[in-house]
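To keep things clear, I will list the structure first and then write my remarks on it.
The numbers here are math on the coordinates, done by the rules we state, and not lab data. Because the structure is predicted, anything quoted here is derived from the model rather than measured. Here the Cβ positions follow ideal geometry from the backbone for every residue, glycine too, while neighbour counts run over all protein chains shown.
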Amino acid sequence: MKATAGQKIRTGIFTLAGVGLLIGAVFLIGKTRHLFGNTFHIYGTFRNVGGLQVGNNVRFVGINVGTVESIQIISDTQARVDMVIQEDAHKFIKSNAIASIGSDGLMGDKLIVISATDNRAEQVKDGTRIATNNPNDMGEIMAKMNRIANNAEVITAGLADISTQISGGKGSLGRLLYSDDLAKNLEGTATNIKQGTKGFSENMEALKGNFLLRGYYKRKERRKLEKQNEQINNEIPSESKQKNTTPNKKR
């Protein structure tokens, strides 16, 4: 059965549309992965590249400037990550720049973050290696978190035990807060001090009546009276003294 002219036209239209979509996809992917245009290459080595994949973004000062071109294992402890970067960013990336593996948000894809250090350094050369900052191992982080949780549990248990002892009236603080013994002891001490002071006053009064010390206390009282009289005399207004001593004027 021969195809009609209309069927041939429809087939040609679908074919052209498919070719157009394919070309558009190639250009879009090429633009995303910087396959077209001027680019340069750099690489870095990492101990752990977990989650990083070929095609992930390379970011510089918060802007996507390249992509991860390849990831290769070069030893039992290191992997090499090759990056292709736009030529427009070449003059800003220096030879002492540092590359690290980060995340695009909290749960986003992994990416390479290039950090600038000293602007006075020379421009990085094409195909050279740059310094890297290895990411923290999640196993180490979890181990640290477990140690922190265990220490917090021990501290919480200790505080609970101390609180229980205080509530039970144990220890100095517990006796102070929940026992009347300390208050009674303080009250008894105050009473003893008061009684001692009263007894001392009575003893002093008794000594004053002793014939051996009677002369001493009498002299003490006499000096006290003389001092009081002297103060009274000094308080007499000077103007009254001047009035008494000023001679009468002649009429």
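Distances between placed amide hydrogens fall under 5 Å for D109 paired with D104, all partners being 5 or more residues away or on another chain. Remark: the range 85-101, residue by residue, has Karplus-estimated 3J(HN,Hα) of 10, 5, 5, 4, 8, 4, 6, 9, 8, 8, 5, 9, 5, 10, 9, 9, 9 Hz, where x stands for each Gly or Pro and the curve is 6.51 cos²θ - 1.76 cosθ + 1.60 at θ = phi - 60°. Summing charges over neighbours of K94, with a neighbour being any other residue whose Cβ is under 9 Å away from its Cβ, gives -1 when K and R count +1 and D and E count -1. Each part reduced to its alpha carbon centroid, the range 39-100 and the range 218-234 end up 102 Å apart. Legend: translational diffusion of the range 32-135 by Stokes-Einstein, Rh = Kirkwood radius over C-alpha pairs, 4 °C, 1.567 mPa s; D = 95 µm²/s.
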